[in-house]
Amino acid sequence: MEESKPSPFPPSASLSTLGEWLDLPTTTTTTTTINSSSSSSSSNLLLLQSLDPQQYVHDFWKNRTRPDGRLFSQSRPCKVVTGMLRPHSAGSALVTTTTTSTINTTSTTTTTKVLAATTLHIGQPSPDRPDRGDIVVHVTGSGGHNIGTDFLGNKQQQQNWDVLQAWLQRTLEEEEEQQVEEDGNGGCAIPSRLKLWTGKAALRLVVTVHILEDGGNIEDAALLACMAAWKDTTPLPQLGKDLVPVPERGGALFWKNHEAYLEKRATATITTEDCNNNNNDNNDRPPRAFRVSLTMGVWRDPQDQTTHLLVDPSLHEKQFVDGTLTMVVDTSSGRLQPQYTGKVPLTANDLALAAKLSQARADELAAILLS
Amino acid sequence: MAGSNSNTNKRTLRPDGRPSQGNTLRPLACELSCTHRADGSALWKAGLTHVLAAVYGPIAPLVIAKENPNQGMVSVVIKMSDQGQQQQSNNQTLEYGQFLHDVLTACIDVSKFPRCVMEVVLQVIQSDGSMLACLLHAAVAALMDAGIDLLYMPVATTCLVVLPSSLDGTKKKKSRILLDPTSAEEFEDDDCSSVVVLVNEKNNPDAILGSHTFGGGVTLEDLLACVQVASKACHAIPAFFRLAMEQKVTRESQTLWSR
């Protein structure tokens, strides 16, 4: 591993030496603690944050804490609100994660806000998959605070969102595939939820994800929003119950009572009992599983060469980590999908720790999604 | 699907003739400097998967806004040959491109090339499984051919984790790991298998520098078993890179002295 470049500032960028180098007046005795409440050290801290943000963040990490006061294994508080776009969409969810860092009287709040909405279309299934539906994901964004902050501008931002769209699409498709169980005779013991009529009609679930604010770790928020919106999408129309085929019209499907279906959807409330009844197409269907993800920043301490995992890195921290590890967990089977890229090699112990943190996070979010 | 899975268990050979133990790589072939217009190029073949890579750079970017005054930038462009499934190819290309961009940025000494761009263009000529690993190896071979400094040599290993099922359809807990799967093996049991691509290097084979997973997911035990398999396989690829480079240098020296 290459050594880090020497900082342009004095080798020991402690608050006192930085103040002396900048010839700032100090009224109190010199102190090198980050959490000092004196006004001069606070102003030095703000100065360090703006002049050398990497050193600022590393000083916190060396003390095994983070600029917003969290521990390494702590996620930001997360709030999930579902159904706010009803009845305009089949399902919707807004995920908000907020963190606040305070230096003396100055507070900085960073927020990640993602809105997901689902819509159902009825169409003809693909000939090679006659009993499966389709899932399409669109990711857009208003940019929030990030327009122009990246020196590459909007084009890089759009490219990042395209990659996020591809990842969400694949994850949701794989998750739907896992729900389907086939019996030994080539049929479907547990059919796809999006299937209506084999070979003739199926549902297409269109998920629109809108990024309202990007305060870091969009991937976790977007996947949680998609899962919450998918869960909020109740009830799915069923053949024979809500839709009937009309042979005289070439087998086209017509609503039995469209107004009643829309009213049922608009007044559906998510309670524990209703959620279980609405999600199961038949009584034999197992409870729905979800996929949740946990993103961790990887940082190697240059002094003792130990590797640390920073759960749910903020936008500021993400610039200075040595790698990013995202673990997608299936809440029912507990299986993992690790995605990692970085300069720091991860050992088996690091992977085991990451798996443990991801499982704990999945248990937390499963309680929210299944409530 | 359970029936075909039991057939997999009964076979003594894999579909391409390799032993069924699952720890054999497909035959490799690499030709360096196959295109003359690029600064570096390589044609990488692993079984029936063929990838052509070309590296242009380090050069000044066409758009000044893309300049980074502190370090160089890596741009990855992937062109797939599969025209039948456009949407799926586009999504796959985006994910592969981002993964390769991150891995190559970590392994290239980008601090030596400020305000420059290194463009890596990858063309998939033929696809037969383990695509991501072949893309990475082709890119690394082309970077070596272009003479770009690397901090380490990344080696990608593809493992197919299969949950075997017994004849009566119940799933056993112990899974099988097949190294370097073909396309037929990857799509044989969609709901019972996952593809794990691990990136490591020869000097530290027991640790991973990158990973990408498709499919239903794996247990922690299976993941650590894949790391073990990757650590054993990561010695073969650098040796092959060295062989390909030696052949290229020998060929060029013979051509020079023959004038």
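The values are calculated or read from the model by the stated rules, or taken from the named source; none is laboratory data. Predicted model, so just to flag it, every value in this text is computed and none were measured. Glycine gets a Cβ as well: all are built from the backbone with ideal geometry, and neighbour counts include every protein chain shown.
Details
Each row is one residue, and each column tells you yes or no for (1) charged (D, E, K, R); (2) out of contact with any helix residue (DSSP H, G or I) (no Cβ under 8 Å at 6 or more places or on another chain); (3) in contact (Cβ under 8 Å) with a residue 12 or more places away in the chain; (4) within 23 Å of residue A:170 (Cα to Cα).
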| site | (1), (2), (3), (4) |
| --- | --- |
| A:301 | yes, no, yes, no |
| A:319 | no, no, yes, no |
| A:331 | no, no, yes, yes |
| A:347 | no, yes, yes, no |
| A:350 | yes, yes, yes, no |
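- Residue A:363 vs. criteria at pLDDT 90 or above, part of a helix (DSSP H, G or I) and closer than 24 Å to residue A:112 by Cβ: yes
- Odd one out for residue B:128, checked against (1) among the charged types (D, E, K, R); (2) closer than 27 Å to residue A:126 by Cα; (3) within 14 Å of another protein chain (Cβ to nearest Cβ): (3)
- Residue tally, condition at pLDDT 90 or above and part of a loop (DSSP other than H, G, I, E, B), over the range B:207-229: 2
- The residues in the range A:80-120 that are surrounded by fewer than 13 Cβ atoms within 10 Å (Cβ to Cβ) and in contact with a Lys or Arg (Cβ under 8 Å, 6 or more places away or on another chain) can be counted, and the count is 1.
- Across the range A:358-371, the qualifying residues are those that are touching a Leu at 6+ places or on another chain (Cβ under 9 Å) and surrounded by fewer than 20 Cβ atoms within 10 Å (Cβ to Cβ), and the one among them that is nearest to residue B:201 (Cα to Cα) is A:359.
- Test: residue in the range A:80-93 that is in a helix (DSSP H, G or I) and of a type outside the set (Ser, Thr, Tyr): no
- One residue stands out in the range B:157-187 among those that are in a strand (DSSP E or B), modelled with pLDDT of 75 or more and over 18 Å from the mean Cα position of the chain (by Cα): the one that is farthest from the other protein chains (Cβ to nearest Cβ), namely B:176.
- Residue in the range B:188-195 that is of a type in the set (Ser, Thr, Tyr), surrounded by fewer than 23 Cβ atoms within 10 Å (Cβ to Cβ) and at pLDDT below 90 present: no
- Only listed residue being polar (S, T, N, Q) and within 11 Å of chain B (Cβ to nearest Cβ), chosen from A:359, A:319: A:359
- Set side by side, the residues B:59, B:64 differ, and just one is within 14 Å of another protein chain (Cβ to nearest Cβ), over 27 Å from residue A:344 (Cα atoms), surrounded by fewer than 19 Cβ atoms within 10 Å (Cβ to Cβ) and more than 20 Å from the chain's Cα centre (by Cα), which is B:64.
- Of note, residue B:38 does not satisfy the criterion of being touching a Gly at 6+ places or on another chain (Cβ under 7 Å) and not in a strand (DSSP E or B).
- Residues of the range A:83-107 satisfying the condition of being touching a helix residue (DSSP H, G or I) at 6+ places or on another chain (Cβ under 9 Å), among the polar types (S, T, N, Q) and at pLDDT below 90: A:89, A:101, A:104, A:105, A:106
- Taken over the range A:327-345, the criterion of being more than 7 Å from every other protein chain (Cβ to nearest Cβ) and over 20 Å from residue A:176 (Cα atoms) is satisfied by A:344 alone.
- Looking only at the range B:207-230, residues that are of a type outside the set (A, V, I, L, M, F, W, C) and closer than 21 Å to residue B:134 by Cα come to 6 in all.
- Only a single item in (1) farther than 21 Å from residue B:141 by Cα; (2) loosely packed, with under 14 Cβ neighbours inside 10 Å; (3) at pLDDT below 90 is not met by residue B:249, and it is number (1).
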